[in-house]
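Q: I'd like to ask you about the structure that follows.
The values are calculated or read from the model by the stated rules, or taken from the named source; none is laboratory data. Treat the numbers as computed from the prediction; the structure is a model and nothing was measured. Note: ideal-geometry Cβ built from the backbone for every residue, glycine included; neighbour counts use all protein chains shown. Surface accessibility is based on the protein's heavy atoms, side chains included, excluding ligands, DNA and RNA. Shrake-Rupley method; radii C 1.70, N 1.55, O 1.52, S 1.80 Å.
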Amino acid sequence: MHGALKTFPPATTPTPAPSPYRPPAPIPHAKPLGLVGLIATLKRNTLECFAQEHFEKPIVVTGLPHKRLPFKRVLLVHEPAAIRRVLLDNAGNYQKDPIQRRVLSAGLGDGLLSAEREQWRTQRRTVAPVFARKTIMDFAPAMMAAADALTERWRSKDGATVDAAAEMSRVTLEVLERTIFSDGLGRDKEEFRSAMATYFNTIGEVGLLDVLGVPPAVPRLSHWHVRSTLRFFAAAIDEIVAMRRRRLSGGSGDKANDILTLLLGALDPETGEQMTEAEARSNILTFISAGHETTANTITWSLFLLSQSPEWRARIAAEAAREIGGPTAGLADRLVETRAVIDEAVRLYPPIAAISRVADGPDELAGEDVKRGTMVVIATYVLHRHQLYWRDPNAFDPSRFLGNAKNEIDRYVYIPFGAGIRTCIGSAFALQEATLILAAIMKNFDVQLAPGTAVWPQLGVTLRPAGGLPLIVTATH
Ligand code: HEM
């Protein structure tokens, strides 16, 4: 078996594949960082904060040694039963932490990602059918069309170096355009795209003020820069929604089959009520921001890993050649090996690399006391490379996700999309999209890392290759 282990085996007898490839990752510190080192590293690259014990122990208690800090007790929880308790069985006791909420909701209002309690429950119930499997499958042609536009563009650059990270950002935004606003953004695409980039690069920074718990009323310098960007977004979305409402009420039966139509028509199954205008706007912005970079990073990391593995490049190209061209219905389900590469890419480089919560009241996790206000961090990145649960955790081996090996992976050891009540609502959408786009690329191109490139994972809001991913793309036919 190459995959994850269900129980706690003695981590002594791995049988690694011959010369496995272990992609770049920070070497964990021998000892946990002190407060000053921690703050400096958080600012530079959160991924470089972790110590060896995080990857070896099921739970690590960190006491931040300052009484003015918002979280005096932080538990890093990497034990499947405890993770299940936080995210599912006792989820009512754990709210999203204020730092994450501030970062997530800054400018977005309270959409599904950042809302809590009754507001969240109502929205989740209402939005669920929009992301049902059948609906997602109907989006496959739109996803393929965006993939085709990408491969067309790359053909004109045959043999050249492209920044795959920027290109994936472009194609995933195009998928969102085609699936959310299928009749267009009504604005300059480039303006929308660059507004998106500004938003992510600034609002998403967790600054020193956030770490120190300075109240949100104190303005963050970085946030000033994005005010006009946020105004631009809000105006753009409001305009699109108003246009669509007019179209839907026109009675011509001409309604675009996209997420916007579904969202505007969605009714809370318990009350029969529609979302308010503000909730619809917040959720559209939420889908764009939650679904854009995350999916782009997923395909970018998959391309990087393939660029390092001639064996898997050949396997994926062969599978794509075999399957693409047949019916689009069910295509993503037939691209089994492509999907395994994606599963492995988000294991090694989970785009959302940590999930955190704050306890409302007392509890016990893996033998440790939880008090009101304790912060619980489940570092997906650490969990996915944990010595207790994975054989050769740092090796790239997509076969962990093929056949029976995949079924043996514990639900709470592999959580790229979270788990429990707040699990990602867009996971089926993202996986289908990433699978189709990766296969379309590999069917048409060979990808090689540009010589002299040192790829390094950097964790801001999402985990991405620092400075992009320069790939030489060569058409194979
Ligand atoms: C590879 C791509 C993606 C990854 C890795 C990802 C990851 C995650 C994770 C880890 C969470 C849970 C956060 C927590 O529990 O604190 C989450 C929630 C969420 N995601 Fe995704 N996501 C992806 C794509 C998408 C897409 C495409 C959409 C929508 C179009 C989306 C919309 C959401 C929403 C709305 C939530 C909040 C759900 C709730 O709280 O009820 N995500 N995502």
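Q: Using a 1.4 Å probe, what is the accessible area per residue for the stretch 35-475, in Å²?
A: That works out to 40 Å² per residue.
Q: Right, here's the next one. How much length is gained if the chain between ASP369 and ARG231 is pulled fully straight, taking 0.36 nm per residue apart and subtracting their Cα-Cα distance, in nm to one decimal?
A: 45.3 nm
Q: Between ARG153 and GLU56, what's the calculated FRET efficiency when r is the beta-carbon distance and R0 is 45 Å? Round to 0.05.
A: With R0 = 45 Å, the Cβ-Cβ based efficiency is 0.50.
Q: Something else about it: Filter the GluC sites (Glu not before Pro) in the stretch 245-339 down to the DSSP loop ones having no more than 15 other Cβ atoms within 10 Å, then list what survives.
A: Here the sparse-neighbourhood loop sites are GLU270, GLU273.
Q: Report Rg(Cα)/(2.2 N^0.38 Å) for the stretch 35-475, keeping two decimals.
A: Dividing the Cα radius of gyration by 2.2 N^0.38 Å gives 0.97.
Q: With the full set of protein chains in place, find how many percent of the accessible area of the stretch 35-475 is carbon and sulfur; take the probe as 1.4 Å.
A: C and S fraction of accessible area: 55 percent.
Q: Taking 7 Å along the Cα-to-C-beta vector as the label spot, tell me the GLU270-ALA314 distance in nanometres, rounded to one decimal.
A: Calculated label separation equals 5.6 nm.
Q: State the dimensionless ratio Rg/Rh of the stretch 353-402 (Rg: radius of gyration of Cα atoms; Rh: Kirkwood radius).
A: Reported Rg/Rh, Kirkwood definition of Rh: 1.14.
Q: Sorting check: for 407-420, 374-387, which peptide has the highest mean count of neighbouring beta carbons within 10 Å, and how do the rest follow?
A: Order by mean packing, descending: 374-387, 407-420.
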